[in-house]
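Below is one structure, written out as structure tokens; the observations come after it.
The values are calculated or read from the model by the stated rules, or taken from the named source; none is laboratory data. None of the values given here were measured: they were computed from a predicted structure. All Cβ positions, even for glycine, are placed from backbone atoms using ideal geometry, and neighbour counts span all protein chains on display.
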Protein chains: 2
Amino acid sequence: MADSELGERVGRRARGGGGAARRAERTAVKVEFSRFITRNIPDMEILNEEALELIEHNAETVLEEIGVNFVENPEALERWREAGASIEGERVRIPRGLARKLCATAPSQFTQHARNPERNVEIGGRNLVIAPVYGPPFVRDSQGGRRYATIEDFRNFVKLGYMSKWVHHSGGTVCEPTDVAVNKRHFDMLHAHMTLSDKPYMGSVTEPSRAADSVEMSKILFGDEFVDQNTVMTSLININSPLTFDSTMMGALEVYAKANQACIISPFIVGGAMAPVSVAGTLTQVLAEVLAGVAYSQLIRPGAPVIFGAFVTSIDMNSGAPTFGTPEASLITLGAGQLARRLNLPYRSAGGFTGSKLPDAQAAYETANTLNNGLYAGVNFMLHGCGWLEGGLVSSYEKFVMDADQLGILHSLAKGVDISENGQAMDAIREVGPGGHYLGCAHTQANFKDAFWRTKLLDYRPFETWEEQGAPDTMALATKRVEKMLGEYQQPAMDPSVAEALAAYVARKKAEVPDAFL
Amino acid sequence: MADSELGERVGRRARGGGGAARRAERTAVKVEFSRFITRNIPDMEILNEEALELIEHNAETVLEEIGVNFVENPEALERWREAGASIEGERVRIPRGLARKLCATAPSQFTQHARNPERNVEIGGRNLVIAPVYGPPFVRDSQGGRRYATIEDFRNFVKLGYMSKWVHHSGGTVCEPTDVAVNKRHFDMLHAHMTLSDKPYMGSVTEPSRAADSVEMSKILFGDEFVDQNTVMTSLININSPLTFDSTMMGALEVYAKANQACIISPFIVGGAMAPVSVAGTLTQVLAEVLAGVAYSQLIRPGAPVIFGAFVTSIDMNSGAPTFGTPEASLITLGAGQLARRLNLPYRSAGGFTGSKLPDAQAAYETANTLNNGLYAGVNFMLHGCGWLEGGLVSSYEKFVMDADQLGILHSLAKGVDISENGQAMDAIREVGPGGHYLGCAHTQANFKDAFWRTKLLDYRPFETWEEQGAPDTMALATKRVEKMLGEYQQPAMDPSVAEALAAYVARKKAEVPDAFL
């Protein structure tokens, strides 16, 4: 498990200097931050009314005739029975219309609070909130190659997310800190999100008790009363597709829903394996699963905030490998968005998906295909927005900053077209006239600074200059940017008593039980 | 001007063996070919009715009050005067509504014939026809690096286009054959398209006489009468933005329109330099320019087939470099599509654009951004669909096959969602049930072969296998694919008398005048 030179170098730089020195520096570097996206453009609607009604009808048929399994969860079965479902073993068959009716109490939009109120996000409606990669056991960078992720990597990714202008959310398991015991990781991960960033974050879902710990730590950060009355976490509850709800994930959902904390209820589908090979069939199953999952959340607590999730990829029928950025996945992402809006639920899908082993052209094609379709699908919460590599096995330092740069494009696209008098620019066209140029005209002078999205990464130098300066590819540029961002990172200020209380809680809880690595 | 090893190697392989040997081989390798795209999904409409009317109103104001210049073209001025425009020097001011009225005779869709009728394309309506990169003076590949393009490179790119399943059109100047005299290049280029491919092609526009030569050569290929009665070329007429129509391009347009051959009438805009820095302002200028250009084509010959073009990029305000795959360019591409459809004209825009010097992640992000938005913009003719690198200075061998692979994705996306009984897959969901998997179910068995788009390039191998086999990045995979495609290339059959007549015409015309390199 070799540590990355890059990670170490920037780690040292970030750790260098005491608290006083850091505070003095703090005013020097301004952390840029963009508000979440609010779309001023329409959604791409690929399903017509007939198709939508057919899929909705079929999903209800699935729930009624086939049903879903709630595994090792007798209380869930009892809740379903009371709600009017028919129970047979662990199978729950839900009469046509019941799940949809139960879903109606879920809010169409909710605020997730951050410890810095300027970083609060509104999830739902015309908004798009973007969070980084979630879940990989490995990391990769240009110096250290591919290796198991550590808590140091985890902290670096939280810092990168904090420093990334177009990333609105600190996320959750930005990588798996494999050097920390499985039963204690969530403490260190949450502690990193809470202290190294001031953006909103996700809670642990790997055990119901860890979800409860997440709520406890949030109460230290925000105060008991605030957490009782507000949503401060959005956590990822995967459905075990097809049509199966396991007790671990449902247990975490129960904890969060009871505490009025938000959950993404997300079918996890590799099309062809966990769902039919057809788009309409997959959409039917996705809708059935989400209807059942969201309905269950509302049985726990009517009004609990939930998100209609759809993690969808397809399978390579030659090798069995999952594939990303494919047209079938895009169609499902677009179609599921329509289904979510008809349920008045916030929608989670898309991300910077790729199956590539390297942050190369394949990675970028697949990622851009997914990001563009995610925007047009009306996604409200985009997990894996940056840093995802190798089908989710790897969090990539370089791809994190590459993708994070591209996310700026979604912000500008979503703004749509300014048709104000300034936007129309008729004065400029008059001033310049046939055969002229606009570089120096008054309208250009007044507008050029904000007229175009600007990259912080990509290379626009002329060939000769670029070649003289080493002919760097995107990977090399990204390595430099990672170093720069981690080097410039400064921890956001925090009330010292809260910081102490958090540290003490983590230390105490970690000391209570022995390490477990399974 | 070092030749590429790759180019030479595959050149030798392609040249190896006589005609008889090649004919014998011909049956062995099947060249895959896909019909042009017909969209079964809606367009992305980012402008509402108010915005559209405003831009249309402003464009008419530009034509009426500012006007356009027809440079060194007294006959054009006379045509405009007769049509009712006001002429002052070279300035043509067009009364409100006149240009739009003149545009009404242009067809909303037309057939461009190929010598192989199976390769005919329908340009307009819900269709999307894709052609390769156009214009670069340089080529690049992994072995030979960046160097001036030669006629050997040109022929290789024509062969790659012919071998690319998702490329419908052989294009035009796939690279500039700089080793051939400027005044004779068009003969060799057309000869290559006509003999090495059987897909439709573009004519020369660099001199009116070269446009006439293109018509002559097409008559040898198709027969005089056929060319008189049908469109067999679509050629690229750039407008010298802002608002300027030069006599070279207009001269070529005149030749083609008189011969009923199609032209793309295309503003060439680097936003901030040749158009205002705002999207609405640029759309206004694009519309004014296209209205004037298309109207002029209809003054030459009412009913002449033309395409509403929009080549749009923005400028990096720091360096002055053109930028690609940006959100502003995407918005313009989407908006111009709406304007074109309201004029009932076929629409040309987008392509595999990038400013990157290498076929790296930057190139792929920028390209995918452009391709996806091109599809959703309702583009009917996509030039530069594959192979474009470094802002159009370079035709890249590797990027050609990378992009050409991605174009398959557009085909699948455009199909939309199959909601037939088979598409709904309810039997599969019933068969598999909760907790099962779909890999072996009857529906998967019946559908898996065609269910998902399949790459011929990208890597889906597991990490360990991929690493053992050399850990190739996309560039390395693409180098192999170029070799394979050029190695397997076989010339499509042609009537020997036509082949002789074409060769004789080219030889005679090239001998008539001395070489000129300016």
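Quick notes on this one:
- Members of the stretch A:498-518 that are of a type in the set (Phe, Trp, Tyr) and under 15 Å from A:Asp213 (Cβ atoms): A:Tyr505
- The residues of the stretch B:467-518 that are over 30 Å from A:Ala361 (Cα atoms) and of a type in the set (S, T, N, Q), listed by number, are B:Gln491, B:Ser497.
- Residue list for the stretch A:442-468, filter: more than 8 Å from chain B (Cβ to nearest Cβ), among the hydrophobic types (A, V, I, L, M, F, W, C) and more than 28 Å from A:Ala414 (Cβ to Cβ): A:Ala442
- For the stretch B:174-188, residues that are crowded, with 24+ Cβ neighbours inside 10 Å and under 16 Å from the mean Cα position of the chain (by Cα) total 2.
- Taken together, A:Gly281, A:Gly251 contain a single residue that is facing chain B (nearest Cβ under 10 Å) and not aliphatic (A, V, I, L, M), which is A:Gly281.
- Wholly within the stretch A:391-493, helices (runs of 4 or more DSSP H) carrying at least 3 residues that are surrounded by 16 or more Cβ atoms within 10 Å (Cβ to Cβ): A:397-415, A:421-424, A:426-432, A:442-451, A:474-488
- Restricting the stretch B:41-54 to residues that are without any contact (Cβ under 8 Å) to a residue 60 or more places away in the chain and assigned to a loop (DSSP other than H, G, I, E, B) leaves a set whose member that is nearest to B:Leu243 (Cα to Cα) is B:Asn48.
- Between B:Ala310, B:Ala275, the distinction of being closer than 19 Å to A:Tyr438 by Cα and either more than 8 Å from chain A (Cβ to nearest Cβ) or surrounded by fewer than 24 Cβ atoms within 10 Å (Cβ to Cβ) (or both) belongs to B:Ala310 only.
- Considering the stretch B:437-476, the residues that are among the small types (Gly, Ala, Ser) and at pLDDT below 95 include one that is nearest to A:Asp316 (Cα to Cα), namely B:Ala451.
- Members of the stretch A:192-232 that are small (Gly, Ala, Ser) and closer than 22 Å to A:Gln109 by Cβ: A:Gly203, A:Ser218
- Scope the stretch B:248-274; condition out of contact with any helix residue (DSSP H, G or I) (no Cβ under 8 Å at 6 or more places or on another chain) and among the β-branched types (Val, Ile, Thr); matching residues: B:Ile264, B:Val270
- A:Leu439 being assigned by TED's automatic domain parsing to the domain that holds A:Val182 and more than 27 Å from A:Asp198 (Cβ to Cβ): no
- Residue within the stretch B:337-350 that is free of Cβ contacts under 8 Å to residues at least 60 places away in the same chain, crowded, with 24+ Cβ neighbours inside 10 Å and within 14 Å of another protein chain (Cβ to nearest Cβ) present: yes
- Residue within the stretch B:374-390 that is small (Gly, Ala, Ser), in a strand (DSSP E or B), within 15 Å of the chain's Cα centre (by Cα) and within 21 Å of B:Asp153 (Cα to Cα) present: no
- The stretch B:412-435, residues that are more than 8 Å from chain A (Cβ to nearest Cβ) and touching a Ser or Thr at 6+ places or on another chain (Cβ under 8 Å): B:Ala414
- Among the residues of the stretch A:359-371, those that are at the interface with chain B (Cβ under 7 Å from one of its Cβ atoms) and without any contact (Cβ under 8 Å) to a residue 40 or more places away in the chain comprise A:Ala361, A:Gln362, A:Ala363.
- Residue in the stretch A:88-99 that is more than 14 Å from chain B (Cβ to nearest Cβ) and touching a strand residue (DSSP E or B) at 6+ places or on another chain (Cβ under 8 Å) present: yes
- The set of residues from the stretch A:298-338 being among the charged types (D, E, K, R) and under 14 Å from B:Ala451 (Cβ atoms) comprises A:Asp316, A:Glu328.
- Only listed residue being more than 8 Å from every other protein chain (Cβ to nearest Cβ) and either buried (at least 24 other Cβ atoms within 10 Å of the Cβ) or charged (D, E, K, R) (or both), chosen from A:Gly303, A:Gly293: A:Gly293
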